[in-house]
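What follows is one structure encoded as structure tokens, with my remarks underneath.
The values are calculated or read from the model by the stated rules, or taken from the named source; none is laboratory data. Source: prediction; values computed, not measured. Backbone-built Cβ (ideal geometry, glycine too); neighbour counts: all protein chains shown. Areas reflect the complete protein model, heavy atoms only, side chains present, ligands, DNA and RNA absent. Shrake-Rupley method; radii C 1.70, N 1.55, O 1.52, S 1.80 Å.
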Amino acid sequence: TRIGNGFDVHRFGPGDSVMLCGVPVAHSHGLVGHSDADVGLHALTDALLGALGAGDIGQHFPPTDPRWKGADSAAFLAHAGSLLAARGGRILNLDVTLICERPKVGPHREAMRARIAGILGIAVERVGVKATTTEGLGFTGRREGIAAQATA
Amino acid sequence: TRIGNGFDVHRFGPGDSVMLCGVPVAHSHGLVGHSDADVGLHALTDALLGALGAGDIGQHFPPTDPRWKGADSAAFLAHAGSLLAARGGRILNLDVTLICERPKVGPHREAMRARIAGILGIAVERVGVKATTTEGLGFTGRREGIAAQATA
Amino acid sequence: TRIGNGFDVHRFGPGDSVMLCGVPVAHSHGLVGHSDADVGLHALTDALLGALGAGDIGQHFPPTDPRWKGADSAAFLAHAGSLLAARGGRILNLDVTLICERPKVGPHREAMRARIAGILGIAVERVGVKATTTEGLGFTGRREGIAAQATA
Ligand SMILES: [Mg+2]
Ligand SMILES: [Mg+2]
Ligand SMILES: [Mg+2]
């Protein structure tokens, strides 16, 4: 057994929806990033890469590379999953915590779990998606952005 | 084996003690929350729920539900523990990091470990309680609140 | 199997290099701390101690103790490793995420992995070192300091 952790942050900007854990969620703002800025999938990707000791998402998918401009982050997570499979690994479970005041994650939780499970070809019961606020404190509390932390 | 992570934040407010990991700790402020605002037990509860892929503390104990007003968070952790037991699971170990400048956690560490172990019916040596400051930086550094992160 | 998590923060101050994961990295500032302020090794040390339920780095190496003034944090990590070995434990893998805008971690990743592996006497492929920014948000975004989170 091996474990890894991932952490990511993206900043709110203009827009009317955010991509979170592979699911578009209506919101008063969008998230800014080179790719689709999906903090949840980025943290999960890093957790898998970390468990493998295989670098990080920035090494595999440099934000300076025009290929990943506007990219669907599902491709990043799928890549980490295939690296793991290539080494004979198997995912026991994944868990991610989204840290933001808004949007509300609860109504989208099951869609997010199903999407993550689908990308990686694992059972949905092996995927945890949680959310918490920071009670108005810090940059997530000021609604400047969303943070995510993940374990694999 | 499965792992989960939890993160929680509560804000300081009026009061002369905080509940941390199930132990009342004298402090110049209290913590604000719908329940007893025990960030440590909330993060641990989420870590257990995350390992199970069983939602999060906000889903099981909505802060909008008057039943949990002023609630003892030990009940939340016990609930996560019983969900885990009902699925035939067993806790290998838990670990929580409390992030704040004050109060000092060290003098209460053993009481906290014993309390967590007691709530879940596990050996105290399976429970880790740690603390760190953020060296004056960020909202924890400004003493606006306490953050906690946990793994299970 | 047991897991632990660690989190640490140090603040930038005067200097021209920082010690990160046991490797000196040239930077426009140094990191302030009682020891060498190596946030990466501190988070990893806490993750190992947390997995053991053996307190935290502040308990083992109090910042008030003049013995640890300017200390090489490798000694802290080595101590956690020897506690684990003394209990018959074995490290399956370690993973750390460094959270800062600068310095860039990528060019030093392999040196950091090798250094951590060397301190603990484990294979380098059991060590993950990752980095992420907070996209200009929060204290790491304002370049006031560096945070690190680790799992073991
Ligand atoms: Mg990202
Ligand atoms: Mg809470
Ligand atoms: Mg430190």
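Over 26 Å apart: what share of the alpha carbon pairs of chain C falls there, rounded to a whole percent?
Looking at chain C, the distances longer than 26 Å represent 19 percent of pairs.
How much net charge surrounds C:LEU92 when only other residues with a Cβ under 14 Å from its Cβ are counted (Lys, Arg +1; Asp, Glu -1)?
In short, +2.
Rounded to the nearest whole Å³, what is the per residue volume of the convex hull around the Cα atoms of region C:16-89?
Expressed per residue, the convex hull around the Cα atoms of region C:16-89 is 73 Å³.
So what J values fall out for region A:138-149 if you push phi through Karplus, 6.51 cos²θ - 1.76 cosθ + 1.60 with θ = phi - 60°, rounded to Hz, Gly and Pro as x?
Values per residue, Gly and Pro as x: x, 5, 6, x, 7, 6, 8, x, 10, 10, 9, 10 Hz.
How large is the dipole of region A:104-152 about the Cα centre if only Lys and Arg carry +1 and Asp and Glu carry -1, each at its Cβ, rounded to the nearest 20 debye?
So the dipole magnitude of region A:104-152 works out to roughly 80 debye.
Mind listing the label-point distances from A:SER82 to the same position on all other copies, shortest first, one decimal in nm, points 7 Å along Cα→Cβ?
Here the equivalent label points are 4.7, 4.7 nm apart from this one.
Taking the Cα centre of region C:16-106 as the origin and placing charges on Cβ (Lys, Arg +1; Asp, Glu -1), which of C:ILE91, C:VAL18, C:VAL39 is farthest toward the positive end of the dipole?
The listed residue farthest towards the positive side: C:ILE91.
With each run of n ≥ 4 DSSP H residues scored as -39500 (n - 2.57), what mean residue ellipticity at 222 nm is computed for chain C after dividing by its residue count and rounding to the nearest 500 deg cm²/dmol?
My calculation for chain C gives -9000 deg cm²/dmol from helical runs alone.
When you look at the Cβ of every residue in C:4-17, what mean number of other chain Cβ atoms sits within 10 Å?
5
Distances from B:GLY13 to the same position in the other copies: list them in nm, one decimal, shortest first, using label points 7 Å from Cα along Cα→Cβ.
The answer, with the shortest distance listed first, is 3.7, 3.7 nm.
Say the cut-off is 27 Å between C-alpha atoms; which of A:LYS104/B:LYS130; A:LYS130/B:LYS130; A:LYS69/C:LYS130; B:LYS130/C:LYS69; A:LYS104/B:LYS69 go over it?
Violating the 27 Å Cα-Cα cut-off are A:LYS104/B:LYS130.
With a 1.4 Å probe, how much accessible area is buried between chains B and A, both sides summed, in Å² to the nearest hundred?
Roughly 2100 Å² of accessible surface disappears when B and A pair.
With each label point set 7 Å from Cα along the Cα-Cβ vector, what nm distance links B:ARG102 and B:ARG67?
Between B:ARG102 and B:ARG67, the label points sit 3.9 nm apart.
Can you work out the base-10 log of I(q)/I(0) for the protein assembly as shown at q = 0.06, 0.11 1/Å, using the Debye formula on its C-alpha atoms alone?
Evaluating at q = 0.06, 0.11 Å⁻¹ gives log10 I(q)/I(0) of -0.21, -0.78.
Using a label position 7 Å from Cα in the Cα→Cβ direction, what is the ascending list of nm distances from B:PRO63 to the same site in the other copies?
Ordered by distance, the counterparts are at 2.9, 2.9 nm.
With +1 assigned to the C-beta of every Lys and Arg and -1 to the C-beta of every Asp and Glu, and no other charges, what is the dipole magnitude of the protein assembly as shown about the Cα centre in debye, to the nearest 20?
Dipole of the protein assembly as shown, to the nearest 20 debye: 640 debye.
Set the Förster radius R0 to 35 Å, insert the Cβ-Cβ distance between C:SER28 and B:ALA86 as r into 1/(1 + (r/R0)^6), and round the FRET efficiency to 0.05. Can you show the working numbers first?
On the way: r = 54 Å, r/R0 = 1.55.
Working from the Cβ atoms, E equals 0.05.
For B:LEU20, what residues show an amide H to amide H distance below 5 Å, using hydrogens built from the backbone and excluding near sequence neighbours?
Close amide H contacts, sequence-distant or interchain: B:VAL25.
Using Cα centres only, tell me the gap between region C:91-123 and region C:1-77 in whole Å.
If we compute the Cα centre of each part, the gap is 13 Å.
How big is the charge dipole of chain A about its Cα centre, in debye rounded to the nearest 20, if each Lys and Arg gets +1 on its Cβ and each Asp and Glu gets -1 on its Cβ?
Working: 15 positive and 14 negative charges, 48 e Å.
Using Cβ point charges on Lys, Arg, Asp and Glu, chain A gives about 220 debye.
Amide H to amide H under 5 Å from A:ALA147: which residues, 5+ apart in sequence or cross-chain, H placed 1.01 Å off N in plane?
Placed amide hydrogens put A:ILE99 under 5 Å from A:ALA147.
Considering only DSSP states other than H, G, I, E and B, which chymotrypsin sites (Phe, Trp or Tyr not before Pro) in region C:1-104 qualify as loop sites with at most 15 other Cβ atoms within 10 Å?
Here no loop site has a sparse enough neighbourhood.
Can you tell me, using C-alpha contacts under 8 Å and at least 6 residues apart, the relative contact order of chain A as a whole percent? Walk me through the intermediate numbers first.
Details: 334 pairs, mean separation 48.1, N = 152.
Contact order relative to length: 32 percent.
Classify region C:26-69 from the C-alpha gyration tensor, please: rounded if a/c falls under 1.5, else prolate or oblate depending on whether a/b exceeds b/c.
Oblate.
Over the whole of A:23-36, what's the average partner chain Cβ count within 10 Å per residue? Rounded to a whole number, please. Don't jump to the answer; show the numbers that get you there.
Details: counts 0, 0, 0, 0, 0, 0, 0, 0, 1, 2, 1, 0, 0, 0.
Mean partner shielding for this stretch: 0.
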